[in-house]
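Beneath this line is the structure, given in structure tokens, with notes to follow.
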Amino acid sequence: MKNTISLALLQLAFSFTFLPVSQNLALELQGPGANLIETTCKGTPFYNLCVSTLRSDPRSSSADLLGLAHIVADKLKAKTTATLGQITGLLKGAKDPKLRMALRDCFDYYNAIIKYDIPVTIDAVAKGNPKFGVQGATDAANEADACERRFKNQPKFPISSSNKVVHDLSAVVASIVQLLL
Amino acid sequence: MADRNPFLPVSSSDGFNPTGTQVNRRKLIKQLLTIFVGLLAVGLFAALLIGNNGSDNAHVNENEHGSLASSTSKKPESLRPVSRGPAAGVSEKSNRPFANVDGNLPWNNSMLSWQRTAFHFQPEKNWMNDPNGPLFYKGWYHFFYQYNPNAAVWGDIVWGHAVSKDLIHWLHLPLAMVADQWYDKNGVWTGSATILPDGKVVMLYTGSTAEAVQVQNLAYPADHSDPLLVHWVKYHGNPVLVPPPGIDEKDFRDPTTAWLTSEGKWRITIGSKINKTGIALVYDTKDFINYEQLDGVLHAVPGTGMWECVDFFPVSKTEENGLDTSVNGPGVKHVVKVSLDDDRHDYYAVGTYHEKNSTWIPDQHEIDVGIGIRYDYGIYYAAKTFYDQNKNRRVLWGWIGESDSEAADKQKGWASVQSIPRTILFDKKTGTHLVQWPVEEIDSLRLNSNEFNQVTIQAGSVVPLDIGPATQLDIIAKFEIDKEALEKTTGSNLTFSCSTSGGAAERGALGPFGLLVLADESLSEQTPVYFHIAKGSDGNLKTFFCNDQSRSSEASEVNKQIYGSIIPVLKGENLSLRILVDHSIIESFAQGGRTVITSRVYPTKAIYGAAKVFLFNNATDASVTASLKIWQMNSAFIRPYPNDKKS
């Protein structure tokens, strides 16, 4: 019996060493801020993306709902800017006129996200008129969708995964801001 | 035995043999413990590896009221419900799959510039939203509005200003108020005007302070003898109201026009919320500077969320004129209207105002404000009325946003229009509704007309109407459905709703039928505005009024929803329709304005000379007879005031 118990305890200790590492999991998170992150992200269409985005920013542990929205919006801005850079780079090397047209359209859509959607969203949330924030973030997701549609008849969609992240992050922002209404 | 492993599931299936020997039990426990703990470790390990690959629900959160929050691309666009009945008339075949084959950006300058309206109020460029402080003063109608002087999206909000002699021909004036004080640094937001007995004007408006707290401020004309009211002064002691205890500093905005109480005080209401219950706070004042908050609220409705742009006004039960906001008494009902932040729609309800304790009770709780009737079943928000003492009527303004993408707004350099101002009257026939009708002054824009009498439209057919240009129109139509068919058709239990239906292409026994506007010759683009009659299994008829955007444009990045609602049709009433077509906006009024739908339409082909109008009847069992008159509409030539009075 003693052996069994020691064995069991040993195996449990082994299991528990993995728990701190598994913070990215949709399991019980630790700390007071974690609860807000969990409940907030549950209301978004991309729970894991929401949680990992917030967790990767140290501000999230002490942020309120407004702060969480801001954090994801910042991440969205960074990702959109990076993807816009990708598009610009691709445009430089693209020769096919149809590909160039598609890339140029995506450039316009991404420009709209960075220049309008994200600033409006952050502004609206900060000033206490969140419905315009929902509108802005939703439009950002729609712009990403529009970009994807431009590549429907292209053999490849070179920024596919980045575009999806931009879309999904926008949707997360929209959901969080919706909670502020 | 004591549970030394509290993390294991307390299971009854551990095969515990109560009659076994102690040795056997120990062996069994040892085995099971090993297995369970081992599984736990493996499980954690596996979860760690799999965990980061989300199997999330991949779609943008759809707002169930189908507001801008819905992502149009997620609907499989080539899917249409297959309906019974021969394919004819407005055929489902004419629904080509969207998105140009090459994936080109559909907006060229020609299409975008066509979108600008000819006779709806809009500033020369940039973004506009809520109507503010409308009033009539010294011979001029004044209109103020939320405006962004810097971009075609919301932000940097200030008060724009325009004047008109007739609510139709507007002249732009300089900005009335800008964000130059700490108490409105983050936004000069919505407010309302009150005209005092001596004729002077006071304006109450919400400021978003430098700390983003919502407060109420007082402003008044710098020069009361200036009929144009160009310059405004903000009261030096602003703010006059700050969020009261228990109210969040971001849930306190949009003060109403004040009304007099029997004690001679002025009373206003301001929308807010407590958790998810929308409420209207009440304040009394003698001087618009010092206020006393009343106990309780004017009204509250759980689950409706934040109440924006609350409006509160009397209507006559019997007379065909408007009432000053302070009027009360027998023969008078009061309307509470709210703009719901949660779904971006405007709702109203008719009820009774009890002045003593300043409460209002709806006539019918099932259609209480926020859960019942809407001003407009399309894109329409932040509406506000004012009493027009010039013509003894109550006039309604409503903000019409865009339903295209912000990238397109950026490209065209503007966003939003206002509805044509509407008169509001109590609908005596239903007792529950208000009727809205474009102000009569709009008739002054009518040019030549075409009349069509008793045109019979067979089941499943489309009738082109040869009227020349079809982008600026005033259409008045009456429809009569074949009575025999009405009686003969078998009813069914199926419930119908405009928004979940297949639009005008989905054929029913007694509908849809109506008009196709902004349609091109081949009907590859079309916007149906129509009635649909549904017969229940009990023989009762229900009439629906819808506006179908699903094929309004070949562009993908526009709203493609079907707007609409059930509409009460009384015995003996013919079906009647008025449609104002003004480029990218369509305002449709059914049954004299009992139900209204406004939509924004952005065709790529059905523009300029290529836009046409058709009658259609896509019912399977009934023919329809229509009589209509269609006027060409002139532009209102909205432009800056000629002798530009700058400071």
(request) Can you confirm whether the range B:608-620 contains a residue that is more than 25 Å from the chain's Cα centre (by Cα), polar (S, T, N, Q), buried (at least 22 other Cβ atoms within 10 Å of the Cβ) and closer than 30 Å to B:T490 by Cβ? (result) yes
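Residue by residue through the range B:155-180, note down the ones that are out of contact with any strand residue (DSSP E or B) (no Cβ under 6 Å at 6 or more places or on another chain) and either within 14 Å of chain A (Cβ to nearest Cβ) or within 26 Å of B:E249 (Cβ to Cβ) (or both). Explain how you work it out, then say what you get.
First pass over the range B:155-180, keeping only residues out of contact with any strand residue (DSSP E or B) (no Cβ under 6 Å at 6 or more places or on another chain): B:165-166, B:168-169, B:174, B:180.
B:D180 - this is the single residue of the range B:155-180 that is out of contact with any strand residue (DSSP E or B) (no Cβ under 6 Å at 6 or more places or on another chain) and either within 14 Å of chain A (Cβ to nearest Cβ) or within 26 Å of B:E249 (Cβ to Cβ) (or both).
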(message) Conditions first: (1) within 22 Å of A:E38 (Cα to Cα); (2) facing another protein chain (nearest Cβ under 7 Å). A:D117 passes all but one, so which condition is the exception?
(response) (1)
(message) Being under 19 Å from B:C546 (Cα atoms) and outside the structural domain of B:S584 (by the TED database) is true for just one of B:L434, B:L523, B:L515. Which residue is that?
(response) B:L434
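Find the residue count for the range B:287-314, including only residues that are within 21 Å of B:L135 (Cβ to Cβ) and in contact with a Gly (Cβ under 8 Å, 6 or more places away or on another chain). Step through it out loud before you land on a result.
Taking the range B:287-314 and keeping what is within 21 Å of B:L135 (Cβ to Cβ), we get B:287-289, B:308-314.
This time we only want the ones that are in contact with a Gly (Cβ under 8 Å, 6 or more places away or on another chain), so: B:289, B:308-310.
Here the count works out to 4.
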(message) Here's a check for you: in the range A:155-181, which residue that is of a type in the set (D, E, K, R) and in a helix (DSSP H, G or I) is surrounded by the most Cβ atoms within 10 Å (Cβ to Cβ)?
(response) A:D168
(message) For the structure I just gave you, tell me whether B:V596 is part of a loop (DSSP other than H, G, I, E, B), on the phi < 0 side of the Ramachandran plot, in the same structural domain as B:A477 (by the TED database) and among the β-branched types (V, I, T).
(response) no
(message) Checking B:T304 against (1) touching a residue at least 60 places away in the same chain (Cβ under 8 Å); (2) within 14 Å of another protein chain (Cβ to nearest Cβ); (3) exposed (fewer than 15 other Cβ atoms within 10 Å of the Cβ): exactly one of these is not met. Which one?
(response) (3)
(message) Whether any residue in the range B:488-496 is within 27 Å of A:N142 (Cα to Cα) and assigned by the TED database to the domain that holds B:F589 is what I want to check.
(response) no
(request) Restricting attention to the range A:75-103, report how many residues are touching a Lys or Arg at 6+ places or on another chain (Cβ under 9 Å) and surrounded by fewer than 16 Cβ atoms within 10 Å (Cβ to Cβ). (result) 1
(request) Please work out if A:T39 is away from every other protein chain (no Cβ under 14 Å), part of a helix (DSSP H, G or I), surrounded by fewer than 17 Cβ atoms within 10 Å (Cβ to Cβ) and among the polar types (S, T, N, Q). (result) yes
(request) Being of a type outside the set (A, V, I, L, M, F, W, C) and either part of a strand (DSSP E or B) or at pLDDT below 95 (or both) is the filter here, so list the residues in the range B:621-636 that pass it. (result) B:D621, B:T625, B:S627, B:K629, B:Q632
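Among A:V134, A:V72, A:V125, which is touching a residue at least 24 places away in the same chain (Cβ under 8 Å), facing chain B (nearest Cβ under 9 Å) and buried (at least 17 other Cβ atoms within 10 Å of the Cβ)?
A:V134
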(message) Between B:T430, B:T456, B:T527, which is closer than 26 Å to B:Q122 by Cβ, modelled with pLDDT of 95 or more and hydroxyl-bearing (S, T, Y)?
(response) B:T527
(request) Just give me the residues in the range B:194-210 being crowded, with 24+ Cβ neighbours inside 10 Å and either farther than 14 Å from B:F252 by Cα or of a type in the set (D, E, K, R) (or both), in sequence order. (result) B:M203
(request) Quick one: B:S262 ticks every box in (1) away from chain A (no Cβ under 14 Å); (2) crowded, with 23+ Cβ neighbours inside 10 Å; (3) touching a residue at least 40 places away in the same chain (Cβ under 8 Å) except a single one, so which number is it? (result) (2)
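Yes or no: the range B:398-406 includes at least one residue that is closer than 30 Å to B:Y137 by Cα, more than 14 Å from every other protein chain (Cβ to nearest Cβ) and either among the aliphatic types (A, V, I, L, M) or not in a strand (DSSP E or B) (or both). Working first, answer last.
Taking the range B:398-406 and keeping what is closer than 30 Å to B:Y137 by Cα, we get B:398-401.
Cutting the leftovers down to more than 14 Å from every other protein chain (Cβ to nearest Cβ) gives us B:398, B:400.
Subset that is either among the aliphatic types (A, V, I, L, M) or not in a strand (DSSP E or B) (or both): B:400.
The answer is yes; a qualifying residue exists.
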(request) Scan the range B:312-345 for residues that are among the charged types (D, E, K, R) and either part of a loop (DSSP other than H, G, I, E, B) or crowded, with 23+ Cβ neighbours inside 10 Å (or both) and jot them down. (result) B:K317, B:E319, B:E320, B:D324, B:K337, B:D341, B:D342, B:D343, B:R344
(message) Show me the helices (runs of 4 or more DSSP H) found entirely inside the range A:87-154 where at least 1 residues are closer than 24 Å to B:E554 by Cα.
(response) A:97-112, A:131-150
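Look through A:L66, A:L84, A:L49, A:L54 and report the one residue that is closer than 22 Å to A:I113 by Cβ, part of a helix (DSSP H, G or I), more than 10 Å from the chain's Cα centre (by Cα) and at pLDDT 95 or above. Reasoning before the result, please.
Details: A:L66 fails: at pLDDT 95 or above; A:L49 fails: more than 10 Å from the chain's Cα centre (by Cα); A:L54 fails: more than 10 Å from the chain's Cα centre (by Cα).
Every option except A:L84 fails the conditions.
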(message) For the range B:312-350, give me each residue that is in contact (Cβ under 8 Å) with a residue 24 or more places away in the chain and among the small types (G, A, S).
(response) B:S316, B:G322, B:S326, B:S339, B:A349
(request) Go through the range B:462-481 and give me each residue that's within 24 Å of B:K542 (Cβ to Cβ) and crowded, with 18+ Cβ neighbours inside 10 Å. (result) B:A477, B:F479, B:I481
(request) Identify the single condition in (1) within 14 Å of chain A (Cβ to nearest Cβ); (2) out of contact with any strand residue (DSSP E or B) (no Cβ under 6 Å at 6 or more places or on another chain); (3) free of Cβ contacts under 8 Å to residues at least 24 places away in the same chain; (4) of a type outside the set (A, V, I, L, M) that B:N150 does not satisfy, given that it satisfies every other one. (result) (3)
(request) Look through the range B:333-374, keep the residues that are of a type in the set (D, E) and within 22 Å of B:I567 (Cα to Cα), and return whichever of them is farthest from the chain's Cα centre (by Cα). (result) B:D363
(request) Return the only residue of B:I566, B:I607, B:I597 being in contact with a helix residue (DSSP H, G or I) (Cβ under 7 Å, 6 or more places away or on another chain), modelled with pLDDT of 95 or more and not polar (S, T, N, Q). (result) B:I607
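Would you point out which residue out of B:N129, B:N150, B:N63 is modelled with pLDDT under 95 and either not acidic (D, E) or not in a loop (DSSP other than H, G, I, E, B) (or both)?
Details: B:N129 fails: modelled with pLDDT under 95; B:N150 fails: modelled with pLDDT under 95.
Only one candidate qualifies: B:N63.
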(message) Taking the conditions exactly as written (more than 18 Å from B:T625 (Cα to Cα) and either in a strand (DSSP E or B) or touching a His at 6+ places or on another chain (Cβ under 7 Å) (or both)), does B:K535 satisfy them or not?
(response) yes
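The values are calculated or read from the model by the stated rules, or taken from the named source; none is laboratory data. Keep in mind it's a predicted model, so treat the numbers as computed, not measured. Positions of Cβ are generated from backbone atoms using ideal geometry, with glycine treated the same way; all protein chains shown enter the neighbour counts.
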